[in-house]
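Chemist: First the structure, then my questions, so here it is.
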Amino acid sequence: MTMIQTAIQPLLAPIEQFLLCPTPDSWIVQAKRPENLNVILRDHLLCELKAAQSAIFLLKRYVLTDEAAQQLTALIQPYERFAYQCQGDLLSLKGTSQLSKSIHARSDCAYGEAMIEKMVLLIKEELHHFYQVAEIIERQELEYQPINASRYAKGMLKHVKTFEPDALIDKLIIGAFIEARSCERFAKLAPHLPEEIGRFYLSLLRSEARHYQDYLALAEHIAANDIRQRIDYFAAIEAELIQSPDDDFKFHSGAPI
């Protein structure tokens, strides 16, 4: 075991226990091919944006005052224009992941401050990672164009309950699985990538590991009862999406056909 593997193992051990299955070797074989680096990086860029968007959606849907919701909408708009419309550049994004003033929860939301504390930090970190991936794409002289999302997140979200607070709890559990799988794949893929990108992926492990824990902590905080059954339920769905054949190769795709 290398020094790096020894250093990251304490972060990975609980994640490997949380996930029901490892990433298939066939996905690693496909992902480490040089011709697929463009797809990996472009999809990774969009995954960082979607992670921030999901957190913003949860805050706006369940927690925030109108003024605070407008702040977060304005915060993410430059990244959305860059990612989906190819508008702007790295200079236009630099330093834009900061909020001009603090945001507040609605007075009738009992768990609002807990969600704000964890989700706002997550949003800022995901947008910073977006910027870092965009830098790598530029340095690698790869052409950036947006690509369609994989089946992964949608495959879990379609099982969310339709009533509250269970729907929110399910969404938080799904967020935990997405972050945990990202962390596991960064670690698996890093040794097979160009050195700069491999180091960057390993640098993401600490924040991604904390993100999955934050999602779980929020789900447990909001739930009125034990959520272990729902965690196990989504663990099985997530494992099926990761292990089953998938003809659409992406960062969170299943076993390549």
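The values are calculated or read from the model by the stated rules, or taken from the named source; none is laboratory data. Quick caveat: nothing in here was measured; it's all calculated off a predicted structure. Cβ sites come from the backbone with ideal geometry, for glycine too, and all protein chains shown count toward neighbours. The accessibility values were calculated without ligands, DNA or RNA, using every heavy atom of the protein model including side chains. Shrake-Rupley method; radii C 1.70, N 1.55, O 1.52, S 1.80 Å.
Chemist: Considering Cα pairs under 8 angstrom that are at least six residues apart, work out the relative contact order of the chain and quote it in whole percent. Don't skip to the answer; put the middle values down first.
Modeler: On the way: 293 pairs, mean separation 72.0, N = 257.
That works out to 28 percent.
Chemist: I need the phi-derived Karplus couplings for region 79-93: 6.51 cos²θ - 1.76 cosθ + 1.60, θ = phi - 60°, integer Hz, Gly and Pro marked x.
Modeler: 6, 5, 5, 5, 6, 9, 10, 6, 9, x, 8, 4, 5, 6, 8
Chemist: Still on this structure, please answer the following. Nearest 0.05, what FRET efficiency do residue 247 and residue 91 give at R0 = 41 Å with Cβ-Cβ as r? If you can, show how the numbers build up before the last one.
Modeler: Values: r = 38 Å, r/R0 = 0.93.
Efficiency at R0 = 41 Å is approximately 0.60.
Chemist: Work out, step by step, the length gained on full extension between residue 57 and residue 84: first 0.36 nm times the residue separation, then minus their alpha carbon distance; give nm to one decimal.
Modeler: Working: separation 27, 0.36 × 27 = 9.72 nm, distance 1.77 nm.
Taking residue 57 through residue 84 to full extension adds about 7.9 nm, to one decimal.
Chemist: Once the piece of chain linking residue 36 and residue 128 is laid out straight, how much longer is it, given 0.36 nm per residue of separation minus the C-alpha distance between them?
Modeler: On the way: separation 92, 0.36 × 92 = 33.12 nm, distance 2.35 nm.
This chain segment gains 30.8 nm when fully extended.
Chemist: Here is a follow-up. At a Förster distance of 30 Å, what's the computed FRET efficiency of residue 142 paired with residue 113, Cβ-Cβ distance as r, to 0.05? Each step should come with its number before you reach the end.
Modeler: On the way: r = 41 Å, r/R0 = 1.37.
Working from the Cβ atoms, E equals 0.15.
Chemist: Can you tell me which of 61, 139, 206 moves the most in a GNM of the chain? Springs connect C-alpha atoms under 10 Å apart.
Modeler: Maximum among the listed residues: 139.
Chemist: Between (1) 128, 50, 27; (2) 28, 24, 17; (3) 24, 22, 18, which matches semi-axes √(5λ) of the Cα gyration tensor in Å calculated for the structure shown?
Modeler: Label of the calculated value: (2).
Chemist: Would you grab the residues whose amide H sits under 5 Å from the one on residue 246? Only those 5+ places off in sequence or on another chain, please, with H modelled 1.01 Å from N.
Modeler: Residues meeting the criterion, in which the H sits 1.01 Å from N, are 255, 257.
Chemist: GNM on the chain, C-alpha springs below 10 Å: top fluctuator among 116, 237, 15?
Modeler: The residue that fluctuates most here is 237.
Chemist: In whole Å, what is the distance between the alpha-carbon centres of region 1-71 and region 185-226?
Modeler: Rounded to whole Å, the Cα centres lie 6 Å apart.
Chemist: Leaving out ligands and nucleic acids, note down the accessible area per residue over the chain with a 1.4 angstrom probe, in whole Å². Could you put the intermediate results ahead of the total?
Modeler: Working: 12450 Å² over 257 residues.
That works out to 48 Å² for each residue.
Chemist: Additional query: Give the carbon-plus-sulfur fraction of the accessible surface of the chain in %, rounded to a whole number; probe 1.4 Å, heavy atoms of protein chains only. Let's see the in-between values first.
Modeler: Values: 6510 of 12450 Å².
Roughly 52 percent, rounded to a whole number.
Chemist: Dividing the Cα convex hull volume of region 126-214 by residue count, how many Å³ per residue is that? Provide the component values of the computation, followed by the final result.
Modeler: Values: hull volume 10.2 nm³, N = 89.
Spread over its residues, the Cα hull of region 126-214 gives 114 Å³ apiece.
Chemist: Full-extension gain between residue 151 and residue 166, please, as 0.36 nm times their residue separation minus the C-alpha to C-alpha distance. Present the calculation step by step, with values, prior to reporting the outcome.
Modeler: On the way: separation 15, 0.36 × 15 = 5.40 nm, distance 2.28 nm.
The residue 151-residue 166 span can extend by a further 3.1 nm.
Chemist: Same structure, new question: Region 119-154 to region 235-257: how many Å between their Cα centroids?
Modeler: Region 119-154 and region 235-257 have Cα centres separated by 20 Å.
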